[in-house]
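Structure first, commentary second.
The values are calculated or read from the model by the stated rules, or taken from the named source; none is laboratory data. What you see is a predicted model, and the numbers here were worked out from it, not measured in a lab. Counting neighbours? That spans all protein chains shown, and the Cβs are built from the backbone with ideal geometry, glycine included. Note: accessible area is taken over every heavy atom of the protein model, side chains too, but ligands, DNA and RNA are not part of it. Shrake-Rupley method; radii C 1.70, N 1.55, O 1.52, S 1.80 Å.
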Amino acid sequence: MAIPAGEMESRWARVQEAMARAKLGGLLVFSNQLNSDLVHYVSNYTVLGEKAFCFLPLKGEPVLLISEAWDLERAVRESHLKDVRVIGKNWPQEIASVSRLSEGRLGVAGRENLGRFGIESLEKPMGQESVSATRFLEELATIKSPYELTLIRETAKMADAGFKKALEVAREGLPDFVLGAEMDYVMREMGATDNFQMLAVGKDNTGMLLPWGKKIERGDLLLFEITPANGSVTYTVQLCRTAIFGEPPSRLLRDKFAVLIEALEESLAVIRPGARISEVARIQNEIIGRAGYPEYCRPPYMRGRGHGFGLGRIDVEEDSTTEFAEGMSLVVHPNQFIPETGYLALGEHIVVTAKGIERLTQTESKIYECGGGGR
Amino acid sequence: MSFVKLPVLRHGLMIRHEEIFLDAVMAERIKRIRKLMEDQGVGGLIAYSNAIQNGPVCYLTNYPCFGLGRRGAVALGLEEGPFLFTAEPARNLPRVRLFTTCDLEKGRQFLSAACDRVKNLSKNSPVGLVGFENLPLALAKDSEKELEGLKKKDLSRDFSAVLAAKDEGSLKATKRARELAEEGIRLLKDQVASGKDLWQLAAQVDYRLRLLGCEDTNILLGCADKGRVRPGYPARIKPRSGDTVVAYAAVQYARHWGVAGYTFSVGSANKDLDASLARLGEVQKSLAPKVKTGMTLGEIEVVIAEAGRQAGLMFAPDLPLGTGVGFDLSEYPSSAEDEVRTGMVLQVVLASDVDQSFTAMIVDMLQVTHKGGVWLGRSGN
């Protein structure tokens with residue numbers, strides 16, 4: 001989906017206004033391959049190289065600096081920026097010369113990932129110390145724009161399609177990595193740029209893991225955290241579901257899963273702008289604890305009850321101190337290890353609206369049957 | 001500079017591969033690193049890896065840092081270890097153990113726990129550090145505190161050189177990965193006129209290679225009817241008859257990367273392109289005997305450039321000529337001064353923009369021996 005005219009300009013304006021309020025004279029944003037979402041947020045460029053920087057002055061357009069010369073044309077095309085440069089071995093000097101345009105204190109988003117050597121290399125030629133601005137940018141990115149929400153809604157369709165595909169192709173003897181490949185392919189064809197997918201197949205799952213060649217057998221539980229991204233990891237959606245293969249769920253399984261459904265629905269019901277994020281985790285832990293599993297609501301079994309993705313990520317935990325706000329995008333998941341059934345997965349991706357929530361995926365919140373056992 | 005991979009969670013088949021990484025292979029690796037430790041006068045060693053520089057921890061444990069944990073550390077003593085510490089959720093450890101070659105240690109602060117272990121192992125003698133230059137600031141501060149008072153020695157470069165000189169296991173995995181990368185290029189060539197756009201083609205190749213058991217892929221494609229083309233993030237462009245497609249396929253199998261690259265025309269044959277590729281092929285053949293153990297990467301690049309000049313070809317200055325490949329898509333040797341040793345494998349990119357009409361490119365892997373280089377692809381030897 002092409003980025004609409006004015007989207008980046010309004011984003012820069014929002015960041016620049018916040019910079020002025022925070023008394024930052026300039027913002028240097030750093031990404032490597034582990035945190036490419038930062039530079040993407042201010043430049044619309046997907047980092048495909050060792051490192052990239054984007055310098056945003058208090059007024060005017062940013063300067064994008066990338067490490068791979070062969071990717072220059074794409075960087076110009078994606079970012080629409082007038083000033084895109086390739087940095088070489090002397091990158092600290094090159095970045096310093098751009099950062100000197102800072103009108104005062106320089107904030108560096110992603111500073112922590114530069115490492116000590118990177119920070120020293122950069123600050124020496126600049127002749128001044130920088131301050132971390134990672135949290136600063138994270139907070140601004142927490143609230144998604146209408147365009148960003150459109151991207152996220154598109155991603156939700158991919159997640160639905162991935163789950164539908166899994167139910168279609170699951171058959172006895174199918175290895176877990178083939179199941180994963182099938183789901184991945186259908187989502188990638190729809191435009192998914194990534195899929196942080198976790199999958200577990202078996203009767204004694206303790207959690208999600210990478211595929212290890214397990215072949216599907218009758219009575220296996222299939223656990224999914226289907227997590228496609230759309231351009232940047234920030235525009236990720238997660239769909240958590242459980243299916244049983246080849247036979248209907250037992251009464252025990254149905255009863256235990258009903259606890260998760262209750263925990264999900266009761267916790268979603270309280271979400272609205274101004275509500276405390278910690279409340280969602282508290283409600284889920286209370287319901288699951290009341291069902292007899294309080295100790296399994298704590299590490300090492302469970303920790304978070306939901307989270308955002310990429311830049312502007314929020315964590316749904318009992319000690320979260322922030323509140324929900326309109327435009328937040330996150331998954332809420334009462335995924336739970338239960339001794340009698342093993343790990344069970346259930347989670348909805350939502351966007352916080354003015355009055356409550358919007359559920360993004362169309363896949364019903366229930367335990368599924370596949371492989372001839374029903375729907 | 002290299003064709004680097006976004007380190008997303010890779011969710012292809014993840015297994016131990018006992019047939020490749022025999023116990024003897026792992027024991028030999030530990031022996032090599034202990035020899036390095038003795039030569040450098042350290043009594044303990046701690047290596048840190050993340051999803052970008054996966055090599056050090058994976059070399060000693062077979063643990064992939066590009067998986068769920070994303071980060072890991074390994075502690076090794078002269079007589080004990082290796083001990084693996086990861087950021088993996090504790091509930092996953094029993095399953096993770098299925099594909100590692102040593103036990104996992106429990107503990108939420110994985111790096112602090114690893115530092116603590118290495119303090120005991122080193123018995124107050126100096127500690128060798130590997131990969132610590134890649135530590136995020138908070139972890140760097142933690143480790144400094146944990147290792148306070150101990151003498152420390154940076155062994156990153158030496159460790160990388162040992163790791164890059166591939167043993168029998170690494171060579172087997174690398175060769176299989178290279179075969180799969182060639183299969184990827186073949187699939188692309190077969191499907192390029194199918195009406196799919198570049199993004200969909202890359203998705204299809206990724207899918208087919210995953211069915212063959214690879215851990216991950218990195219498919220980069222470029223396409224144009226005329227002029228310079230670079231392999232890159234696949235765009236939503238449909239190749240048309242007469243277009244030139246520049247394709248690069250990297251495939252990870254058994255923790256090791258294999259790469260292949262080629263240019264092909266869509267639809268009708270392009271005689272000029274075929275002629276250029278033939279010249280690149282001749283350059284490739286001429287290079288193998290000239291690349292030997294003991295040369296620096298800088299010297300090898302000069303040899304490659306000179307071979308191109310003699311064939312009347314100028315290589316694209318914005319693309320990497322040669323760099324190490326193995327556990328990571330870019331590993332030692334990667335700097336001009338890095339010395340090349342027997343067993344190292346280079347990714348060699350021969351790419352030339354011909355008469356501003358098209359780009360001809362061959363990417364192959366060159367295994368270094370003391371007698372010369374051996375191409376891992378079918379065409380070069």
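Out of the helices (runs of 4 or more DSSP H) lying entirely within segment B:140-214, which hold 1 or more residues that are among the charged types (D, E, K, R) and over 26 Å from B:G44 (Cβ atoms)?
Working: elements: B:156-164, B:168-191, B:198-211.
Fully inside segment B:140-214 and qualifying: B:168-191, B:198-211.
Please identify the pairs in which a residue from segment B:226-243 that is within 18 Å of A:E78 (Cα to Cα) has its Cβ atom under 9 Å from the Cβ atom of a residue that is among the hydroxyl-bearing types (S, T, Y) and open to solvent by 20 Å² or more (accessible area, probe 1.4 Å), counting only partners at least 6 apart or on another chain.
B:Y233/A:T193
Residue by residue, here is whether (1) β-branched (V, I, T); (2) touching a residue at least 24 places away in the same chain (Cβ under 8 Å) holds:
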residue	(1), (2)
B:V259	yes, yes
B:N270	no, yes
B:A275	no, no
B:V340	yes, yes
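Got a sec? Which strands (runs of 3 or more DSSP E) wholly within segment A:8-92 have at least 2 residues that are within 14 Å of chain B (Cβ to nearest Cβ), among the polar types (S, T, N, Q) and under 21 Å from the mean Cα position of the chain (by Cα)?
A:26-32
Can you tell me which residue is nearest to A:G6 (Cα to Cα) among those in segment A:69-83 that are open to solvent by 40 Å² or more (accessible area, probe 1.4 Å) and of a type in the set (D, E)?
Only one residue tops the list, namely A:E78.
Tell me which residues, restricted to segment A:103-130, are more than 14 Å from chain B (Cβ to nearest Cβ) and crowded, with 22+ Cβ neighbours inside 10 Å.
Result: A:L106, A:G107.
If B:E28 satisfies all but one of (1) open to solvent by less than 10 Å² (accessible area, probe 1.4 Å); (2) assigned to a helix (DSSP H, G or I), what's the number of the condition it fails?
In the conditions (1) open to solvent by less than 10 Å² (accessible area, probe 1.4 Å); (2) assigned to a helix (DSSP H, G or I), B:E28 misses (1) alone.
Pairs, please: C-beta under 8 Å, at least 6 apart or cross-chain, first residue open to solvent by 50 Å² or more (accessible area, probe 1.4 Å) and in segment B:94-108, second of a type in the set (K, R)?
From residues that are open to solvent by 50 Å² or more (accessible area, probe 1.4 Å), the pairs are B:L98/B:R16; B:D103/B:R97.
Mind telling me which of the residues B:E88, B:E105, B:E168, B:E144 ends up being under 25 Å from the mean Cα position of the chain (by Cα) and either within 14 Å of chain A (Cβ to nearest Cβ) or at pLDDT below 90 (or both)? Reasoning before the result, please.
Values: B:E105 fails: under 25 Å from the mean Cα position of the chain (by Cα); B:E168 fails: either within 14 Å of chain A (Cβ to nearest Cβ) or at pLDDT below 90 (or both); B:E144 fails: under 25 Å from the mean Cα position of the chain (by Cα).
After ruling out the rest, the residue left standing is B:E88.
Do you know which of the residues in segment A:145-154 that are assigned to a helix (DSSP H, G or I) and touching a residue at least 24 places away in the same chain (Cβ under 8 Å) is farthest from A:V237 (Cα to Cα)?
Restricting to residues being assigned to a helix (DSSP H, G or I) and touching a residue at least 24 places away in the same chain (Cβ under 8 Å), the top hit is A:Y147.
Which residue is farthest from B:R208 (Cα to Cα), if the candidates are limited to segment A:168-185 and must be assigned to a helix (DSSP H, G or I) and more than 9 Å from chain B (Cβ to nearest Cβ)?
Taking the candidates together, the pick is A:E168.
Report, by residue number, each residue of segment B:342-361 that is under 18 Å from B:A288 (Cβ atoms) and buried (at least 23 other Cβ atoms within 10 Å of the Cβ).
Those that are under 18 Å from B:A288 (Cβ atoms) and buried (at least 23 other Cβ atoms within 10 Å of the Cβ): B:M344, B:V345, B:L346, B:Q347, B:V348, B:V349, B:L350.
Could you pull out every one of the strands (runs of 3 or more DSSP E) wholly within segment B:223-341 that has 1 or more residues that are closer than 24 Å to B:R210 by Cα and open to solvent by 40 Å² or more (accessible area, probe 1.4 Å)?
Answer list for segment B:223-341: B:256-265.
Which numbered condition in (1) touching an Asp or Glu at 6+ places or on another chain (Cβ under 9 Å); (2) at pLDDT 95 or above; (3) surrounded by fewer than 18 Cβ atoms within 10 Å (Cβ to Cβ) is the only one that A:G304 fails?
Status for A:G304: all satisfied but (2).
Give the residue, chosen from A:K157, A:K165, that is more than 12 Å from chain B (Cβ to nearest Cβ) and either outside any loop (DSSP other than H, G, I, E, B) or under 17 Å from the mean Cα position of the chain (by Cα) (or both).
A:K157
Need pairs with beta-carbon distance below 9 Å; first residue in contact (Cβ under 8 Å) with a residue 40 or more places away in the chain and within segment B:201-212, second polar (S, T, N, Q); sequence gap 6+ or separate chains.
B:V205/B:Q191; B:V205/B:T217; B:L209/B:T217; B:R210/B:T217
List the number of the failed condition for A:V86; all other conditions in (1) touching a helix residue (DSSP H, G or I) at 6+ places or on another chain (Cβ under 7 Å); (2) closer than 19 Å to A:P125 by Cα; (3) open to solvent by less than 40 Å² (accessible area, probe 1.4 Å); (4) not polar (S, T, N, Q) hold.
(3)
Restricted to segment A:261-278, and to residues that are part of a helix (DSSP H, G or I) and under 18 Å from A:L346 (Cα atoms), which residue is most open to solvent (accessible area, probe 1.4 Å)?
So in segment A:261-278, the residues part of a helix (DSSP H, G or I) come out as A:261-268, A:277-278.
Adding the requirement that they be under 18 Å from A:L346 (Cα atoms) leaves A:261-268.
Values: A:I261: 49, A:E262: 78, A:A263: 0, A:L264: 0, A:E265: 68, A:E266: 96, A:S267: 0, A:L268: 8 Å².
Checking each candidate, the answer is A:E266.
Which of the residues spanning segment B:194-208 are at the interface with another protein chain (Cβ under 9 Å from one of its Cβ atoms) and either touching a strand residue (DSSP E or B) at 6+ places or on another chain (Cβ under 6 Å) or among the charged types (D, E, K, R) (or both)?
B:K196, B:A202, B:D206, B:R208
Show the residue pairs meeting these rules: Cβ distance below 6 Å; 6+ apart or different chains; first residue within segment A:211-222 and within 14 Å of chain B (Cβ to nearest Cβ); second residue of a type in the set (V, I, T).
A:W212/B:I15; A:G213/B:I15; A:K214/A:V201
Of everything in segment A:131-167, what is β-branched (V, I, T) and open to solvent by less than 20 Å² (accessible area, probe 1.4 Å)? Give them in sequence order.
Here is the first cut: in segment A:131-167, the ones β-branched (V, I, T) are A:131, A:134, A:142-143, A:150, A:152, A:155.
Answer for segment A:131-167, where residues must be β-branched (V, I, T) and open to solvent by less than 20 Å² (accessible area, probe 1.4 Å): A:T142, A:I152, A:T155.
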